[in-house]
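The values are calculated or read from the model by the stated rules, or taken from the named source; none is laboratory data. Note that this is a predicted model, so its numbers are computed, not measured. Using ideal geometry, Cβ is built from the backbone for each residue, glycine included, and neighbour counts are taken over all protein chains shown. Heads up: the accessible areas ignore ligands, DNA and RNA and are worked out on the full protein's heavy atoms, side chains in. Shrake-Rupley method; radii C 1.70, N 1.55, O 1.52, S 1.80 Å.
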Amino acid sequence: MKVSIPAIAALALIAGAATAQEIRPEVKARQGQFQTLSINLGILGGMARGDVAYDAVRAEAAARSIAGVSMVDIAALFPEGTDAMSIEGTRAEPAIWDNLPDVLTKWQAGRAPGGAGEAAAAKGPQDIGAALGGLAGACKACHDAYRTPN
Amino acid sequence: MRRAVRVGAAAAVALGAALWCASAPATAPAPFAGPPGDAAQGARIFLASGCGSCHATPGQDDPLRLGGGMAFATPFGTFRAPNISPGSEGIAGWSVADLARAVREGVSPDGRHYYPAFPYASYRAMTDGDLADLYAYLLSLPPDPAPDLGHDLAFPFTIRRGIGLWKRAFVHEGWVMAEAADPEVNRGAYLANALAHCGECHTPRNAAGELDRGAWMAGAPNPAGRGRIPALTPDALGWSASDIAFYLETGLTPAYDSAGGHMVAVIANFAQLPEADRRAVAAYIKALPPR
């Protein structure tokens with residue numbers, strides 16, 4: 001088979017473009033972290049609402065996961081150039097990089113409700129419901145200022 | 001030619017006089033009959049109506065310090081929420097009839113129109129009983145000395161008499177959905193429309209700022225800037241009634257994402273209301289006609 005040089009060059013260009021579009025590991029990591037939070041909040045929420053039967057072991061595992069994620073230091077997951085104006089596939093407001101200390105403070109503020117969630121999970125659905133409000137409040141505090149609208 | 005000018009001038013004077021009369025606020029507050037309000041019930045009306053979300057002093061944590069001052073940037077200019085605490089800069093000396101006229105008709109005790117940034121077009125359906133309760137509650141809150149900051153508007157929106165014409169043309173009785181068979185839906189319609197004024201953001205407006213009643217709760221551009229206020233009509237919102245009630249309590253969507261924008265304030269209020277109120281709003285949202 002004969003392959004022309006221009007065809008190879010074109011293929012190389014396409015491959016290069018594909019590499020450039022690849023999502024950086026820091027972005028993947030932070031998005032995975034938010035997904036982990038969301039999935040575990042979903043487990044607790046389902047029990048709080050009575051959609052799923054209360055199961056202390058599952059509830060505590062979910063709450064522990066949320067508290068665990070909240071302990072991660074996210075500073076390393078927000079490198080320069082990974083805001084919504086610079087790359088596709090993120091809703092990270094450029095304002096994050098103007099106010100990194102505030103972002104980190106707001107993230108750390110989620111640790112107390114994370115701990116409260118663990119305590120509530122052991123008690124029952126009613127307590128979980130009350131704790132979810134606190135957790136959601138911590139999420140909102142950051143999303144209001146630092147996530148682009150849908 | 002001279003005659004034409006005279007006729008034209010006379011017509012202009014007549015038109016001016018007609019506009020002046022048409023734009024005038026009602027001269028006296030309507031008599032307000034009914035028993036004195038209950039402050040504890042008024043707290044619920046206050047929360048459901050979101051009074052504090054606009055009138056609380058910004059930059060501090062007390063949601064019951066109603067010194068005003070929050071700024072709202074709009075295409076007409078910047079509006080600033082006034083002080084509605086029971087102090088001398090607020091509603092000290094107001095009667096319940098004064099409050100009723102302000103909240104339902106958008107007219108101040110000294111007879112001036114309020115701008116419709118104050119959602120009286122929604123509050124106009126508030127019952128006498130709820131108003132009396134709200135009045136009792138507002139008077140029970142601490143007075144705040146913050147002075148009124150006024151608005152920064154572009155001409156011709158600086159002419160308050162213009163609001164009188166706007167009200168005549170665009171403020172309508174009632175809301176889109178007819179009385180439903182289910183009392184919970186009707187209770188939800190009252191909560192969502194007369195109190196929580198959901199339609200003020202979730203219903204699109206025309207260039208004159210009139211709500212498009214053919215697209216009730218069908219979503220609209222965000223008046224505060226980027227993005228859109230989501231549609232709540234059943235064709236667009238796939239949430240169950242339980243999803244909606246849970247969202248209004250916790251701020252968590254069915255995907256367990258968190259609420260954003262002005263809904264954060266709405267949820268902070270609704271989380272404090274009885275579960276039955278959140279369920280009623282959810283029942284009404286589910287009963288909305290599709291777009």
* Check each residue of segment A:47-90 and keep those whose accessible area, probe 1.4 Å, is at least 10 Å² smaller with all protein chains in place than in the chain alone; give them in order of residue number. => A:ARG49
* **Buried solvent-accessible surface, both chains (A, B), 1.4 Å probe, Å² to nearest 100** => 1400 Å²
* Carbon + sulfur, % of accessible area of chain B - ligands and nucleic acids excluded, 1.4 Å -> 62 percent
* **Nearest-20 debye value, segment A:25-146 charge dipole, Cβ charges on Lys, Arg, Asp, Glu** => 400 debye
* Asked: Helix B:128-139: angle to the longest alpha-carbon principal axis of chain B, degrees 0 to 90, nearest 10?
  -> 90 degrees
* To do: Using just the helices of chain A, give the 222 nm mean residue ellipticity in deg cm²/dmol: DSSP H runs with n ≥ 4 each add -39,500 (n - 2.57), and the total is spread over all residues, rounded to 500.
  => -22500 deg cm²/dmol
* Name the long-range amide H neighbours of B:ALA220: under 5 Å, sequence gap of 5 or more, or other chain; modelled H, no Pro or chain starts. => B:ILE229
* Most mobile of B:PRO82, B:PRO183, B:PRO156 in a GNM of chain B (Cα contacts under 10 Å) -> B:PRO156
* Asked: Largest first, how would A:VAL57, A:VAL27, A:VAL72 line up by accessible area (1.4 Å probe)?
  -> A:VAL57, A:VAL72, A:VAL27
* Rolling a 1.4 angstrom probe over the protein heavy atoms, how many square angstrom per residue are accessible across the protein assembly as shown? -> 51 Å²
* Using only Cα atoms, find the angle between the long axis of helix A:56-70 and the longest principal axis of chain A, and express it within 0 to 90 degrees, rounded to the nearest 10. => 50 degrees
* About its Cα centre, how strong a charge dipole does the protein assembly as shown have in debye, to the nearest 20, once Lys and Arg get +1 and Asp and Glu get -1 at the Cβ? -> 1480 debye
* To do: Find the relative contact order for chain A and round it to a whole percent, using C-alpha pairs within less than 8 Å whose residues are 6+ positions apart.
  => 26 percent
* Computed helical MRE - 222 nm, chain B, DSSP H runs ≥ 4 contributing -39500 (n - 2.57), nearest 500 -> -10500 deg cm²/dmol
* Structure fact -> So the angle from the long Cα axis of helix A:111-123 to the longest Cα principal axis of chain A, reported in degrees to the nearest 10, equals 50 degrees
* **Relative contact order for segment B:197-291, counting Cα pairs under 8 Å that sit 6 or more residues apart, in percent** => 25 percent
* Structure fact -> In Å, the Kirkwood estimate of hydrodynamic radius for the protein assembly as shown over Cα pairs equals 24.9 Å
* To do: Show which lysines lie in cross-link reach of A:LYS106 when reach means a straight Cα distance below 16 angstrom and same-chain residues fewer than eight apart are skipped.
  => A:LYS140
